[in-house]
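Written below as structure tokens is the structure these notes are about.
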Amino acid sequence: MHVNKNKPPTTKAKLLGTSKRVVLLTIVLIFFLLLWQTFSASRIHQQYQESLMDAVTDRILSDYQEYFTQLRLEIDLFQQKQLNAIAAVEASGNQTSSEQYMEVLNSLRNEIKNTRLFALIDEQGNGSLKHITGNFLPACEEEITSTVASGSQESLFLHRSGKSVHFDLLQPLSTTKGKYFFVAFNPDVLNNLLSKYQLPHQQLFLMRADNVGEIELTTESIDYTSMLIDAAELDQFSFVKAIPTTRWQLAIRLSPQYSSKLYQQGLVKAFAIWLVLTLIIYGFYRLQKIRSQSHFKIKQELAFKESHDPLTGLVNRARFEVVLKEQIMARQQNMSMAYGVAFHIDIDKFQVINKSFGYAVGDNYLNKASVALKEFLPQNAIVSRLGSDEFAILLPLLPFAMAKEYAHEIRLFLKNISISTLNEETSLTASIGVVILDDNQLATEQVFLSLSQAVSLAKEKGRNRVQIYQSDDKQLIQHAEEMMAIHELSNALQDNRLVLYRQEIKALSLQSTAHFEILVRMISPEGVLVPPNNFIPAAEKYGLICQVDHWVIENTFKSISQQINDIDTCYSINLSGATLADRDIFDQVVTLFERYKIAPQRICFEITETSAITHLKSALHFMDNMIAFGCSFALDDFGSGLSSFSYLQKLPVNIIKIDGTFVRDMDTNEVNRIFVENIKRSANAMNKKIVAEFVENAEIESLLRKIGVDYGQGYHIHKPELWYSEAKV
């Protein structure tokens, strides 16, 4: 059996063509990519380390300044607490005893950690307790002198004496203005802060800003006696930041061995990964070479099953729709095409074969017919099995003029197919519907509907015949018109080419609030107004009426919401039977009420007697809910059905609209006038209002007033007027 199978996927074709050369090229490419990734990762890691070092130095600077500020506050607080003791020491001067001094010093050490000693500095910068503390170091005297001269300590630095290291803080003496309270501290906290924030592979240094290369403190194990670095090492620092009010700079760098070690580890790791990947790729290549053929064959079979009928091997409906859609699109792009025909074949009385000879015989015939058709038709033909005994054929290059003749050839060909199991007297015939894919066939669903209509008509006319859809048959002409109307309506909904008219429902007996019925019209692409009779019946027949109803409801609400000064006028909206049967319609309508903030009392829904009876259960459910919500209902076209009065008692309507056929000539037809009078009496008994449609002249209006009809509607009272439109033609 000849079948047009799908082409192998591109990726599978590449796998089948994989060679050792491609594998080697891939391995080499991976090697260079891993090298590039190694160097990139190292650079990124170093950049990350630099961002960390920047943050670390900022944090240490902040903590150092906070520490010095805290020490000064604690010194001032201590002076306040020990004001008398310090004043006594100051008064004693060089006569202060060691016991007196140590008492204050011990208190100071208890209050402030890392305190070494204290002294009192006079206005000339001399210490008054040298007989106890000894002489100041030259560096200390330098710092004291600069502080006394400037009035503030602006050049803090470490002082060394042998292995002893300390720093000094001078705060104004609380007891005497102009004098200073001198305290020496161990640098343990400064060291601890460096150690606290040091991260792996980072080196921190507290260096002198005024003496380049001199190290004050560091996290590295360097002897204090040799704490100097040369200019080459200075260039290795990533960040060097000055500490305000001191002679210090905070410097940070990565360990010199870290970068080289990082690169070495990265290269080793990259080589190991490359080696593993090479083995995997080669193994996959060997395995894929063995499995690719069988794997591809399975995929091909699955793809074939998805798009073909399992019994006949012909393409299924889904695949046929794809090809048909491509043909329609090609036609739309080239309107001068005069070729492309679709056929729908229905085997006549095929169920008789199944029931008389068994399903195996029927399947055998279908299989044989499928093979024969493929051999009989041209190579470019697409043949599909649509159902049990139905086939579709697309001949993309068959000229329009040859469609009927070729369909008869197919019919005669099928008639000549014989099965040995059947009696010679038994003959199988086929009814064939034909659709020429001209510019009126705009969608695949439309083509299928047209084919179905044509083949149905062929069966009605006696079977074993061909029916062209584009013919002068009234049923097919009507179907074509309906299909065109559905297409135009779909485009109108999409392009927003529907418009709303309104017609007044006039009170005939008592004054009441203004009331209008909403009427929908369509604007053609040429700007011509299309009456509802040209598209509403087709919309109801082919399931588009719910979209129309929803559009009318929403745009009616939208228009009402825009009329700010009108808060009383009521509006009647027609609903179809399909909309009444929609389970979601109540929630959708309530949502629109809430969105546009419309009072439910202003809306009356009109339902026809036929639609209400056809969908009685769903209609009652919707009506009960909407009445509870605040809306009202009118029964339209009353009297046109056979059981109008019996169903009237079941439907919770507020208004009865008498069918216009009984009103339009009641001035000359006494029977119709009596019918209207009877409806009025019945309505009064059921406490319902009456609307008479088709009031065409003043005499009819006068008769209606005499009868007591509540409302009138018709061209004599008010001709429909344009009310809402956003159409752009």
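Exactly one condition in (1) under 30 Å from VAL165 (Cα atoms); (2) hydroxyl-bearing (Ser, Thr, Tyr); (3) surrounded by 11 or more Cβ atoms within 10 Å (Cβ to Cβ); (4) out of contact with any Asp or Glu (no Cβ under 7 Å at 6 or more places or on another chain) is not met by SER221; state its number.
That leaves (3) as the condition not met.
For residues that are surrounded by 15 or more Cβ atoms within 10 Å (Cβ to Cβ) and of a type in the set (Lys, Arg), tally how many sit in the range 648-672.
Number of matching residues: 2.
Taking SER150, is it surrounded by 15 or more Cβ atoms within 10 Å (Cβ to Cβ) and among the small types (Gly, Ala, Ser)? Outline the logic, then answer.
Values: surrounded by 15 or more Cβ atoms within 10 Å (Cβ to Cβ): no; among the small types (Gly, Ala, Ser): yes.
Spelling it out, it is not the case that SER150 is surrounded by 15 or more Cβ atoms within 10 Å (Cβ to Cβ) and among the small types (Gly, Ala, Ser).
Determine whether the range 627-644 contains at least one residue that is assigned by TED's automatic domain parsing to the domain that holds HIS515, assigned to a helix (DSSP H, G or I) and farther than 26 Å from PRO600 by Cβ.
Residues of the range 627-644 that are assigned by TED's automatic domain parsing to the domain that holds HIS515, as a first pass: 627-644.
Narrowing further to those that are assigned to a helix (DSSP H, G or I): 627-629, 644.
Then keep just the ones that are farther than 26 Å from PRO600 by Cβ; that gives 644.
Yes - at least one qualifying residue is present in the range 627-644.
It is to be established whether one or more residues within the range 496-503 are out of contact with any strand residue (DSSP E or B) (no Cβ under 9 Å at 6 or more places or on another chain), hydrophobic (A, V, I, L, M, F, W, C) and more than 30 Å from VAL323 (Cα to Cα).
no
I'd like to verify a number: residues in the range 514-539 that are charged (D, E, K, R) and touching a strand residue (DSSP E or B) at 6+ places or on another chain (Cβ under 8 Å), how many?
Our first condition is that a residue be charged (D, E, K, R); within the range 514-539, this holds for 517, 521, 526.
Of the ones still in play, those that are also touching a strand residue (DSSP E or B) at 6+ places or on another chain (Cβ under 8 Å) are 517, 521.
Residues that pass the stated criteria total 2.
Identify all residues within the range 688-729 that are among the basic types (Lys, Arg) and either within 58 Å of the chain's Cα centre (by Cα) or modelled with pLDDT of 95 or more (or both); write none if there are none. Steps first, answer last, please.
Looking only at the range 688-729, we keep the residues that are among the basic types (Lys, Arg), and these are 688-689, 705-706, 719, 728.
Selection gives LYS688, LYS689, LYS719, LYS728.
For LEU324, indicate whether it is under 21 Å from LEU449 (Cβ atoms) and surrounded by 13 or more Cβ atoms within 10 Å (Cβ to Cβ).
yes
Would you pick out the residues in the range 657-700 that are in a loop (DSSP other than H, G, I, E, B), acidic (Asp, Glu) and more than 22 Å from TYR571 (Cα to Cα)?
Across the range 657-700, the qualifying residues are ASP665, ASP667.
Can you name every residue in the range 28-55 that is hydroxyl-bearing (Ser, Thr, Tyr) and surrounded by 15 or more Cβ atoms within 10 Å (Cβ to Cβ)?
Hits for the range 28-55 are THR38, SER42.
Out of the residues in the range 651-694 that are among the small types (Gly, Ala, Ser) and touching a residue at least 12 places away in the same chain (Cβ under 8 Å), which is nearest to TYR711 (Cα to Cα)? Quick ask: steps written out before the conclusion?
To start, the set of residues in the range 651-694 that are among the small types (Gly, Ala, Ser) comprises 660, 682-683, 685, 692.
Imposing the further condition that a residue be touching a residue at least 12 places away in the same chain (Cβ under 8 Å) reduces the set to 660, 682-683, 692.
Working: GLY660: 13, SER682: 16, ALA683: 13, ALA692: 6 Å.
Among those that are among the small types (Gly, Ala, Ser) and touching a residue at least 12 places away in the same chain (Cβ under 8 Å), it is ALA692.
Could you pull out the residue among LYS196, LYS177 that is of a type in the set (Lys, Arg), more than 30 Å from LEU129 (Cβ to Cβ), out of contact with any Cys (no Cβ under 8 Å at 6 or more places or on another chain) and exposed (fewer than 15 other Cβ atoms within 10 Å of the Cβ)? First the steps, then the outcome.
On the way: LYS177 fails: more than 30 Å from LEU129 (Cβ to Cβ).
Going through LYS196, LYS177 in turn, the sole match is LYS196.
Restricting the search to the range 506-545, which residues are in a helix (DSSP H, G or I) and surrounded by 20 or more Cβ atoms within 10 Å (Cβ to Cβ)?
ALA538, ALA539, ILE545
Tell me, which residue of the range 234-273 that is surrounded by 17 or more Cβ atoms within 10 Å (Cβ to Cβ) and of a type in the set (A, V, I, L, M) is nearest to the chain's Cα centre (by Cα)?
ALA270
Just the residues that are surrounded by fewer than 18 Cβ atoms within 10 Å (Cβ to Cβ) and under 34 Å from the mean Cα position of the chain (by Cα), please, taken from the range 568-581.
Matches in the range 568-581: ALA581 only.
Mind listing whichever residues of the range 500-521 are among the β-branched types (Val, Ile, Thr), within 15 Å of CYS570 (Cα to Cα) and in contact with a Leu (Cβ under 7 Å, 6 or more places away or on another chain)?
Listed by number, the list holds a single entry, ILE518.
Can you find even one residue in the range 322-340 that is under 22 Å from PHE413 (Cα atoms) and touching a strand residue (DSSP E or B) at 6+ places or on another chain (Cβ under 9 Å)? Please lay out each step first, then the result.
Restricting attention to the range 322-340, the residues satisfying the condition of being under 22 Å from PHE413 (Cα atoms) are 340.
Narrowing the set further to residues that are touching a strand residue (DSSP E or B) at 6+ places or on another chain (Cβ under 9 Å) leaves 340.
Looking for residues that are under 22 Å from PHE413 (Cα atoms) and touching a strand residue (DSSP E or B) at 6+ places or on another chain (Cβ under 9 Å), one finds at least one in the range 322-340, hence yes.
Among the residues that make up the range 701-709, is at least one of them surrounded by 13 or more Cβ atoms within 10 Å (Cβ to Cβ) and not in a helix (DSSP H, G or I)? Write out each step before concluding.
Let us first name the residues in the range 701-709 that are surrounded by 13 or more Cβ atoms within 10 Å (Cβ to Cβ), namely 701, 703-704, 707-709.
Of the ones still in play, those that are also not in a helix (DSSP H, G or I) are 708-709.
Yes; the residues of the range 701-709 include at least one that is surrounded by 13 or more Cβ atoms within 10 Å (Cβ to Cβ) and not in a helix (DSSP H, G or I).
Could you name every one of the strands (runs of 3 or more DSSP E) located completely within the range 180-234 that has at least 1 residues being under 30 Å from ALA87 (Cα atoms)?
On the way: elements: 180-185, 202-208, 215-218.
Fully inside the range 180-234 and qualifying: 180-185.
Can you name the residue in the range 344-402 that is among the basic types (Lys, Arg) and modelled with pLDDT of 80 or more and is also farthest from PRO310 (Cα to Cα) among such residues?
First pass over the range 344-402, keeping only residues among the basic types (Lys, Arg): 349, 355, 368, 374, 385.
Next, only the ones that are modelled with pLDDT of 80 or more stay: 368, 374, 385.
Working: LYS368: 14, LYS374: 16, ARG385: 10 Å.
Here the answer is LYS374.
Take the residues of the range 90-121 that are touching a helix residue (DSSP H, G or I) at 6+ places or on another chain (Cβ under 8 Å) and over 26 Å from LEU156 (Cα atoms): which is surrounded by the most Cβ atoms within 10 Å (Cβ to Cβ)?
Selected residue: THR96.
With respect to ALA251, is the statement that it is within 30 Å of THR26 (Cβ to Cβ), of a type outside the set (Phe, Trp, Tyr) and touching a Phe, Trp or Tyr at 6+ places or on another chain (Cβ under 9 Å) true? Give the steps one after another, and end with the answer.
Working: within 30 Å of THR26 (Cβ to Cβ): no; of a type outside the set (Phe, Trp, Tyr): yes; touching a Phe, Trp or Tyr at 6+ places or on another chain (Cβ under 9 Å): yes.
Answer is no for this residue.
What's the number of the condition ALA303 fails, among (1) aliphatic (A, V, I, L, M); (2) closer than 30 Å to PHE391 by Cα; (3) exposed (fewer than 11 other Cβ atoms within 10 Å of the Cβ)?
Unmet condition: (3).
Taking interchain pairs and intrachain pairs at least six residues apart, which have beta carbon atoms under 9 angstrom, with the first residue in the range 434-451 and assigned by TED's automatic domain parsing to the domain that holds ILE345 and the second surrounded by fewer than 21 Cβ atoms within 10 Å (Cβ to Cβ) and basic (Lys, Arg)?
VAL434/LYS404; LEU437/ARG331; ASP438/ARG331; ASP439/ARG331; GLN441/ARG331; ALA443/LYS325; THR444/LYS325; PHE448/ARG317
Residue by residue through the range 267-325, note down the ones that are more than 30 Å from TYR365 (Cβ to Cβ), touching a residue at least 40 places away in the same chain (Cβ under 8 Å) and of a type in the set (D, E, K, R).
If the condition is that a residue be more than 30 Å from TYR365 (Cβ to Cβ), touching a residue at least 40 places away in the same chain (Cβ under 8 Å) and of a type in the set (D, E, K, R), then LYS269, LYS289, LYS299, LYS325 are the ones that fit.
State whether the residues of the range 475-488 include one that is closer than 30 Å to SER725 by Cα and either part of a strand (DSSP E or B) or at pLDDT 85 or above (or both).
Yes, the range 475-488 has at least one match.
The values are calculated or read from the model by the stated rules, or taken from the named source; none is laboratory data. Keep in mind it's a predicted model, so treat the numbers as computed, not measured. Don't worry about glycine lacking a Cβ; one is built from the backbone with ideal geometry, like all the others, and counts go over all protein chains shown.
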